[in-house]
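The values are calculated or read from the model by the stated rules, or taken from the named source; none is laboratory data. What you see is a predicted model; the values in this text were computed from it and never measured. Positions of Cβ are generated from backbone atoms using ideal geometry, with glycine treated the same way; all protein chains shown enter the neighbour counts.
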């Protein structure tokens, strides 16, 4: 028994999108569940950051990891949804340039000039957060 189409005002999916084998199909299912102009709140791992984080263990056998970038997420949603707001949260990554940007020394130095919260928010606005956050509305 499936859920009734066009019957929800909001669908929320947190940190599951990258573990779904058929992401376009999931988006289609969500769009079918939502009423016209209904909202989707989605968070998922930011591939650009996770690929540059040495603390991420290799996937366990059978574990799906289909991390996406913000651009890919927007493209996947664009057929059925309009993006209202998007961003990243929780700066992360420690390889390459991210190793410098997120180093204790750089963060500590910048936090003396600006508050630590402002430094974190700036990194998030630059797309350096490890989690992508999207608020989208279903198209009519």
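A few remarks follow.
- Scanning the range 121-140 for residues that are outside any strand (DSSP E or B) and buried (at least 19 other Cβ atoms within 10 Å of the Cβ) gives 123, 128.
- Filter result for the condition that a residue is free of Cβ contacts under 8 Å to residues at least 60 places away in the same chain and in contact with a helix residue (DSSP H, G or I) (Cβ under 9 Å, 6 or more places away or on another chain), over 102, 94, 53: 102
- Selection status of residue 76, under 30 Å from residue 31 (Cβ atoms), touching a helix residue (DSSP H, G or I) at 6+ places or on another chain (Cβ under 7 Å), modelled with pLDDT of 95 or more and part of a helix (DSSP H, G or I): yes
- Residues of the range 50-77 that are surrounded by fewer than 13 Cβ atoms within 10 Å (Cβ to Cβ) and more than 27 Å from residue 100 (Cα to Cα): 60, 61, 62, 63, 64, 75.
- Flag if residue 41 is at pLDDT 95 or above, surrounded by 14 or more Cβ atoms within 10 Å (Cβ to Cβ), within 20 Å of residue 85 (Cα to Cα) and out of contact with any strand residue (DSSP E or B) (no Cβ under 6 Å at 6 or more places or on another chain): no
- If you go through the range 79-109 and pick out every residue that is in contact with a strand residue (DSSP E or B) (Cβ under 8 Å, 6 or more places away or on another chain), farther than 18 Å from residue 125 by Cβ and assigned to a loop (DSSP other than H, G, I, E, B), you end up with 1.
- Filtered residue count, the range 78-104, keeping only those that are more than 16 Å from residue 55 (Cα to Cα), buried (at least 16 other Cβ atoms within 10 Å of the Cβ) and over 13 Å from the mean Cα position of the chain (by Cα): 3
- Of all the residues in the range 24-37, those that are crowded, with 17+ Cβ neighbours inside 10 Å and within 12 Å of residue 5 (Cα to Cα) number 4.
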